[in-house]
Each structure stands twice: as structure tokens, then as C-alpha cells.
Amino acid sequence: MGINKVMVIGAGQMGSGIAQVFAQAHYNVVLNDLDVEFVQKGMGHISKNLNRQVEKGRMTKEEADVILNRLTPSTQLEDASDVDLVVEAIVENLEVKSKLFSKLDEIVPEHTILATNTSSLPITEIAAVTKRPEKVIGMHFMNPVPVMKLVEIIRGLATTDEVYNSIEQATKSMNKVPVEVNDFPGFVSNRVLMPMINEAIFTVYEGVATPEAVDEVMKLGMNHPMGPLTLADFIGLDTCLYIMETLHVGFGDDKYRPCPLLRKYVKAGWLGKKTGKGFYEYS
Ligand code: CAA
Ligand code: NAD
């Protein structure tokens, strides 16, 4: 069965980007969040991104409007009753995601694939709360979604080849590059990236250098497009902490212990760019 209609759940920075790239690739998209205000914020981001493309002469205003018209805002999970694919992009918490997947399993048609954009959590465990583990899969987009080429695709233990192939094809149809990885904490992307970010936070915590100095070293010395602390603020410090906790618990290895300074910032509500303050301040 082909994929025509997609629901994206969570209209935050990832969900809004995912909804945008699906709509650009001609899919009909329902963008769902808990509250109308959150959905409107996500729709606003998409509209702003498309307007930028119009201003740069890369698409016409009419083309941007057609893409926007493929998007339907939603605050009811029941709107998933006729979709072919769900991509979940809510908070990085196994309990919250599992509850959602269990509810979705009762709402969506039998053929529907349930994908999660989780950064690190076990696909097999999320799949196990549903009666369709063979149709549950990880579809891990990178931030900012409209720009980044990679989608990490992660099979759960029961995911079928047919489901994997559908998701691979959908990824390619959005002009993105799928890379298949196995279901282990943090997959490949965050197993490699997040310990580097955590170590950069330790260097600030231990007084080795300021955030600015750490970022400058990694940008000018290693040619990273963003320093690790700017990147942490960009990803969201809450998400960084949840990923480190998943690595720490999942591997039972203290080399993944989250830096106390990261915990402190998250407890203070300093979540990075999205709250206006993290390692840096944002207006
Ligand atoms: N949304 C949409 N488009 C964006 C954007 C955003 N948030 N930010 C930048 N862009 C676009 C710009 O419009 C511009 O487009 P054009 O080239 O078409 O004009 C392009 O990106 C480049 O932007 P800028 O020139 O303003 O800035 P830049 O050259 O510094 O690039 C960047 C910005 C692409 C974000 C770059 O800094 C970068 O690659 N940073 C690292 C990003 C990264 O590592 N992402 C992975 C995070 S980890 C993850 O996602 C996984 C996880 O689970 C946590
Ligand atoms: P975010 O905080 O920007 O957005 C999360 C959105 O989900 C919010 O709008 C929130 O209202 C909504 N939400 C929470 N619970 C919900 C529910 N039960 N039903 C509907 N909506 C709900 O977070 P984000 O950065 O977009 O991250 C979302 C997911 O994507 C996480 O699993 C994260 O690990 C993953 N991810 C994040 C990044 C990144 O760089 N931030 C990159 C790749 C993957």
C-alpha cells in the first residue's frame, strides 16, 4: 500500500520541519500537537521557511501556497483515522512516546506504518506496546530538517522488509538520503555526536574554557559548521540530556554520564534557543 497521507505528531522544531518536507514532496500532511497554539506556531515556521524560498526566487508564491494547502492543522489524535503513515516527533521520553503509540494503534487503519523520530530510544520497546510491531520503525531526521540530507532509518526487532522499503522510498522521495542502522541506544548519530557535546559541556563545567572558546576551537580547528555548545542550544538542552540518559542507562557505562552542568541548566529551564537561554542568550 502506498503512502499518500501522513500525520506528523508534535509541531515543534522537528515536527514542523518534517511536515514541511513531506508537503514539499506532494504528500498530504496533518500536523498535530496538544494545543492549537503549538500547531499554529509550527505552521508559522513552515510558512516563514517557504516565504524565504520565494524571496530567494527558488519557488513562486503560488507554489508555496500549494505546499501550505497540503497541510492540515490538528489537535485531535482521531484525525489519524485515515492516514497511511504517522511520524511522531514529541518529547524524548519513552513512557510518553509509548502511551501515544498505544493510543495510535487503536485509531489508525490496519495498513498504517507508525514511525518515530526519536533521537535515541529503543524502537523495539516502542513497537512492543502496539499490536503491529512489524509496522513500527525509526525515521530519524536531522535538524534543521529542510536543510539536512540524512534520515537514519532504524528497524525494530519485528519490522518487516516491506515497511523498511516503504520508509526508504518515502525518504528518497523527499530528496533525502536514508542510512540503515541497528536498534541500539542513540543509533549511530547520537552515540557519536552527543558524547562530544557532553564532553564540551564538561570542559566549561571544569573551567577549561568558556563556551565561546570551546566553540571557536571546534569551528576553526575541526571545521564544524557550529561549535558543540551552539549546537547543543540549537538541538535543545532537554533533548541532549534525555539522549545522554538513554545512552547511560542503555549501555550501563559511566562514560555516558551526563555533565552536572547540563542537568542544572535543564532544571533551570535553560533549554537553549527555544527558551531564549542556554549556553548563550537569544533574543
Ligand atoms: N530551518 C530551515 N532552513 C534553515 C534553517 C532552519 N532552522 N537554518 C538555516 N537554514 C537554511 C538557510 O536558509 C540557508 O539556506 P540556503 O542555502 O538555501 O539559502 C542554509 O540553511 C544555510 O544557512 P545560513 O547561511 O544562514 O547558515 P549556515 O551556513 O551557518 O548554515 C546550518 C546553518 C545548516 C544550520 C549549519 O550551521 C549547520 O549545518 N549546523 C550543524 C547542524 C547539525 O549538526 N545538525 C544535526 C543536529 S543533531 C540532530 O539533528 C540529531 C538529533 O537527534 C539531536
Ligand atoms: P520540541 O520541544 O521542539 O517539540 C516537541 C513538540 O511536541 C511540542 O510542540 C509539544 O507540544 C509536542 N508534544 C508533546 N507531547 C505531545 C503529545 N502527546 N501529542 C502531541 N504533541 C505533543 O522538540 P523537538 O526538538 O522537535 O524534538 C522532538 C523529537 O525529535 C524528540 O524525540 C527529539 O529527540 C527528536 N529529535 C530532535 C532533534 C533536535 O535537534 N531537536 C533532532 C532529531 C530528532
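The values are calculated or read from the model by the stated rules, or taken from the named source; none is laboratory data. Predicted model only: the values in this text are computed from it and were never measured. Note that each Cβ is placed from the backbone with ideal geometry, even for glycine, and that neighbours are counted across all protein chains shown. Ligands, DNA and RNA are excluded from the accessible area calculation, which covers all protein heavy atoms including side chains. Shrake-Rupley method; radii C 1.70, N 1.55, O 1.52, S 1.80 Å.
Here are the numbers for this structure:
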quantity	calculated
In Å, descending, principal axis extents of the Cα set of the range 82-211	55, 32, 23
Cα pair distances of the chain binned at 10 Å [whole percent]	7, 28, 35, 23, 7, 0
Max mean-square fluctuation residue, GNM over the chain, Cα-Cα springs under 10 Å, options M43, M148, M222	M222
Acute angle (nearest 10 degrees) that the helix 36-55 long axis makes with the longest principal axis of the chain, alpha-carbon atoms	90 degrees
Solution diffusion estimate, µm²/s, Stokes-Einstein, the range 216-277, Kirkwood Rh from C-alpha pairs, 37 °C, viscosity 0.692 mPa s	264 µm²/s
Rounded to 5, percent antiparallel among DSSP beta bridges of the range 33-153	30 percent
Gaussian network model of the chain, springs between alpha carbon atoms under 10 Å - residue of V39, V86, V208 with greatest fluctuation	V208
Antiparallel content of DSSP bridges confined to the range 88-204, in %, to 5	35 percent
Within-15-Å neighbourhood charge of G227 [Cβ basis; K, R +1; D, E -1]	-3
Over the chain: helical MRE at 222 nm, DSSP H runs n ≥ 4 each giving -39500 (n - 2.57), nearest 500	-15000 deg cm²/dmol
Contact order normalised by residue count of the chain, Cα under 8 Å, 6+ apart, percent	14 percent
Size of electric dipole in the chain: Cβ of Lys, Arg +1 and of Asp, Glu -1, about Cα centre, debye, nearest 20	560 debye
Selected from N69, A89, M148, residue furthest toward positive end of dipole (the range 45-153; charges at beta carbon)	M148
Value of relative contact order over the range 125-283, rounded to a whole percent, pairs C-alpha under 8 Å and six or more apart	16 percent
Within the chain, percent of DSSP bridges classed antiparallel, to nearest 5	20 percent
Accessible area of the chain belonging to carbon and sulfur atoms, whole % at 1.4 Å probe	54 percent
Projected label distance in nm at N175 and E162, using a 7 Å step from Cα toward the beta-carbon	3.2 nm
Estimated inter-spin distance, N51 and V208, nm [label 7 Å along Cα→Cβ]	4.3 nm
Charge dipole of the range 1-63 about the Cα centre (unit charges at C-beta), most positive-ward option of I9, A25, V39	A25
Accessible area in square angstrom per residue, the chain, 1.4 angstrom probe	48 Å²
Selected from N198, N117, N175 as most flexible by GNM, with the chain as the system and alpha-carbon contacts under 10 Å	N175
In order through the range 190-204: 3J(HN,Hα) via Karplus (6.51 cos²θ - 1.76 cosθ + 1.60), integer Hz, x for Gly, Pro	7, 5, 8, 5, 5, x, 5, 4, 4, 5, 4, 5, 4, 5, 6
Protection-proxy order for peptides 68-74, 199-205, each taking the mean of Cβ atoms within 10 Å per residue, highest first	199-205, 68-74
